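Chemist: Next up is a structure, given as structure tokens.
Derivation of every value follows stated rules applied to the coordinates shown; laboratory data play no part. Note that the structure is predicted; figures quoted are calculated from it, not measured. Positions of Cβ are backbone-derived with ideal geometry, glycine not excepted, and every protein chain shown enters the neighbour counts.
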Amino acid sequence: MDLVPLGEKVPRRNTPKRRRNLGLSRVRVYLRIASNIGLILGQIILLFASREIGLGIIICSSFMSVPFFLKEKMWDVLLLVGFMQVINVVGLFVR
């Protein structure tokens, strides 16, 4: 906790630095939610409509969740996303 001149304790959540970080966290969470919705829609389009469009949506959606997983230091998920991205990109070029 930070001390103010009078010696009173101020909670960390009210400091200016903490308030700046809260906005970024919300963006990361919203990107993760949008990424999950994009992955579902991409799979549906991949299976029932167009292979190229579906893979494009899946690739873009997967990259949207990377900032969240980097911030949370979820290295196993990042490795899985990277592996799946390689497979999806190769799938764009293989007939």
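Chemist: Using the Karplus curve 6.51 cos²θ - 1.76 cosθ + 1.60 with θ = phi - 60°, what ³J(HN,Hα) values do you get for each residue of region 85-95, in whole Hz, with x for Gly and Pro?
Modeler: Result, ordered by residue: 5, 4, 5, 5, 5, 4, x, 5, 9, 9, 9 Hz.
Chemist: Ranking R95, R51, R32 by Cβ neighbours within 10 Å, fewest first, what do you get?
Modeler: Ranked by crowding around the Cβ, least crowded first: R95, R51, R32.
Chemist: Here's something else I'd like to know. Using the Cβ atoms and a cut-off under 13 Å, what net charge is assigned to the surroundings of K71, where Lys and Arg are +1 and Asp and Glu are -1? Don't skip to the end; give the middle numbers.
Modeler: On the way: positive: R26, R28, R32, K73; negative: E72.
Summing Lys and Arg as +1 and Asp and Glu as -1 gives +3.
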